[in-house]
Amino acid sequence: MREGIHPAYGPVVFRDRAANHAFLTGSTMTSEKTIEWEDGNTYPVVDVEISDVSHPFYTGTARVLDTAGRVERFERRFGRRDEKRADSRADSRADERGGGR
């Protein structure tokens, strides 16, 4: 690797403010704020809005949408696509024969 073009990589604490959870990891991110970690050392801290502890997908609180019900409701409201396609094909065939008008 070329010297002087890569950001410095070091230990950083990421703190999820929503879940009051923090974890120490390596990163190239830096911050003016620091925090004293469990091991007694001081590390830069980066506050994040969401992490695996507070995100609904990871916590299991994500809502599952009833997509089948939505499709059925759409088809009731606007009709099935296949039916309209079949009707338009029949009309176009009648037009070709001269009997559609």
* All but one of (1) modelled with pLDDT under 80; (2) in a loop (DSSP other than H, G, I, E, B) hold for Ala90, so report the exception by its number. => (2)
* For the stretch 45-60, enumerate the residues that are modelled with pLDDT of 70 or more and among the hydrophobic types (A, V, I, L, M, F, W, C). => Val45, Val46, Val48, Ile50, Val53
* Asked: What are the residues in the stretch 21-45 that are within 28 Å of the chain's Cα centre (by Cα), of a type in the set (Val, Ile, Thr) and loosely packed, with under 14 Cβ neighbours inside 10 Å, if any?
  -> Thr25, Thr28, Thr30
* Report yes if some residue within the stretch 61-72 is part of a loop (DSSP other than H, G, I, E, B), more than 30 Å from Asp16 (Cα to Cα) and modelled with pLDDT under 80; otherwise report no. => yes
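The values are calculated or read from the model by the stated rules, or taken from the named source; none is laboratory data. Computed from a prediction, not measured in an experiment: that's the story for all the values here. A quick note on method: Cβ atoms are made from the backbone with ideal geometry, for glycine too, and the neighbour counts reach across all protein chains shown.
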